[in-house]
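Worksheet for the structure shown next.
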Amino acid sequence: MGKKDASSVKLAVDQYRKQIRKQDYKKTKPALRATRLKAEAKRSAPGIRVRCVTINIAYTVLNLHNLLGRLGCGHDISNNT
């Protein structure tokens with residue numbers, strides 16, 4: 001019983017994809033290039049890069065602080081001699 005329902009949904013999705021493909025064929029090369037460049041610009045937005053760099057720097061500083069604390073390079077208040 002469930003197979004009939006699943007195949008009809010698949011057909012609807014295939015028809016939708018086919019329709020989208022036809023629309024892409026109608027586009028000119030400059031329009032396709034503009035769409036591609038717009039998508040690339042979204043992925044490599046400067047705000048995202050700045051956030052990633054900031055997070056990496058903070059992570060590195062915290063790890064360095066933790067490492068120095070474990071090596072005994074930190075200041076110990078109890079040894080005031």
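For the stretch 16-70, what does the alpha-carbon gyration tensor say about shape, rounded, prolate or oblate, given a ≥ b ≥ c as the root eigenvalues, a/c under 1.5 as rounded, and a/b over b/c as prolate? It is prolate, given that a/c is not under 1.5 and a/b is the larger ratio. Charge dipole of the stretch 11-62 (Cα centre as origin; +1 on each Lys and Arg Cβ, -1 on each Asp and Glu Cβ, all else neutral): 360 debye, rounded to the nearest 20. The stretch between Asn66 and Ala45, if pulled fully straight at 0.36 nm per residue, gains 4.3 nm over its current Cα-Cα span.
All of the numbers you see were taken from the coordinates with simple rules; none came from a lab. Quick caveat, the model's predicted, so the values are computed rather than measured. Neighbour counts run over all protein chains shown; Cβ positions are idealised from the backbone, glycine included.
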